Number of protein chains: 2
Amino acid sequence: MNFSELVKKRQSVRKYSDKPVPKDILERCLEAARLAPSACNSQPWSFIVIDDVKSNNEVARAAFSGIYSSNSFAKSAPVLVAVITEQSKFIAALGGYFRGTQYNLIDVGIAVEHFVLQAAEEGLGTCWLGFFNEKEVKKILNVPKEKKVDIMISVGYPADDKVREKSRRPIDEIRKYAQKG
Amino acid sequence: MNFSELVKKRQSVRKYSDKPVPKDILERCLEAARLAPSACNSQPWSFIVIDDVKSNNEVARAAFSGIYSSNSFAKSAPVLVAVITEQSKFIAALGGYFRGTQYNLIDVGIAVEHFVLQAAEEGLGTCWLGFFNEKEVKKILNVPKEKKVDIMISVGYPADDKVREKSRRPIDEIRKYAQKG
């Protein structure tokens, strides 16, 4: 599968089969994330993998209930990953402050996308999750209060393998060529 | 090339050959970016491709001079891309406000990584750039003041094709498994 095929195959999967996710595949997804580029090579990320049934149930219930229940589908995912956004290195943080840009968020975007693309290649389905009860998740996972969990990922084998057509803005709306002649 | 090979091949390229970059390859990189996922499918990105010599020289000089000359290598790239971070859709922006997270930055991270991975597969070299004179770049490219250009990408064929070993934190430092038993 070449990259453009992989990009088309990766999609948000919100319905999972019961098939367990092998640990070696999870490790390959994490390895792809580990190798992601980042501002000044800060690597401002860490991952808590929640794959045992007891923790998974507890975290899922806490994360996706109440006002967060729009993501309650994720309760059925056999694996959840909590992504901690770490601080950038001093020089990247300084540059980011000067530029008015939180580069560590961009970096988390890159690393998590590596994870989900590797997962798609392995036949797994994932969904990016941004809306969940972070406070409760951190409490259960013993993540220090001052740390930020901006993203969670749900992971499992898809209940069906239909690849949907992607709905996106047309290319002419999102790119132009600078022409000075 | 499978995805883990591609991840290893993608690296920051800071020295380019004179070989011009074909437009159809650039378009495939942009297409990979276009298909990237984003919070609530906001697609908060647009791209200005600077590939004609005159604009390229003008933008490069403005972007990577003075205090920004640590990135002056990018002046020799035959193509530059300015990435505009657009606003998220209302619902994603509201969620982001509530969660204290700028999801459009994460989304830009995803889309630009799609671009550079596609480029790597095509044999192109790229470098993510965060430190440049945004004000001057926007002026030359007629980007409205209120818009943000957080990222630029330099693009060209690498001067050599040596793949370097990546220096990253060890896996045990960045992932753990939640274990409740």
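Derivation of every value follows stated rules applied to the coordinates shown; laboratory data play no part. As the structure is a computational prediction, the values presented were derived from the model and not from experiment. FYI the Cβ positions are ideal-geometry reconstructions off the backbone, even for glycines, and counts take in every protein chain you see.
Miscellaneous remarks
- Straight-line cross-link reach from B:LYS166 at under 14 Å between alpha-carbon atoms covers these aspartates and glutamates, not counting any fewer than eight positions away in the same chain: A:GLU31, B:GLU5.
- Relative contact order (percent, whole number), the stretch B:22-165, Cα cutoff 8 Å, 6+ residue spacing: 33
- Cα-derived Rg to Rh of the protein assembly as shown, Kirkwood definition: 0.96
- Restricting the calculation to alpha carbons of the stretch A:111-181 gives Rg and Dmax of 18.2, 59 angstrom.
- With R₀ set to 35 Å, the beta-carbon distance separating A:LYS139 from B:ASN142 gives a calculated FRET efficiency near 0.10.
- Inter-label distance, nm, simple model (7 Å from Cα along the C-beta direction), B:VAL53/A:ASN2: 3.1
- Neighbouring Cβ atoms from other chains, within 10 Å of the Cβ of residues in A:32-40, number 6 on average.
- Ascending distances from the A:ARG169 label point to its copies in the other chains, with the point 7 Å along the Cα-to-beta-carbon line: 3.3 nm.
- Shielding score for B:106-119, defined as the mean number of other chain Cβ atoms within 10 Å: 6
- The 3J(HN,Hα) values that the Karplus relation (6.51, -1.76, 1.60; θ = phi - 60°) gives for the stretch B:51-57 are, in residue order, 10, 8, 4, 5, 4, 4, 4 Hz. Gly and Pro appear as x.
- Its Cα centre serving as origin, chain A has a Cβ charge dipole (Lys and Arg +1, Asp and Glu -1) of approximately 560 debye.
- Whole-Å distance, taken between Cα centres, linking the stretch B:1-78 and the stretch A:4-30: 28
- Angstrom value of the Kirkwood radius, inverse mean 1/r, which spans all Cα pairs in chain B: 17.6
- Overall dimensions of the stretch A:1-104 as given by Cα atoms, namely Rg and Dmax in Å: 16.9, 48
- Rg(Cα)/(2.2 N^0.38 Å) for the stretch A:1-44, N = residue count: 1.51
- Filter on A:LYS8/A:LYS139; A:LYS54/A:LYS148; A:LYS145/B:LYS9; B:LYS8/B:LYS139 - keep pairs with C-alpha separation over 29 Å: A:LYS8/A:LYS139; A:LYS145/B:LYS9; B:LYS8/B:LYS139
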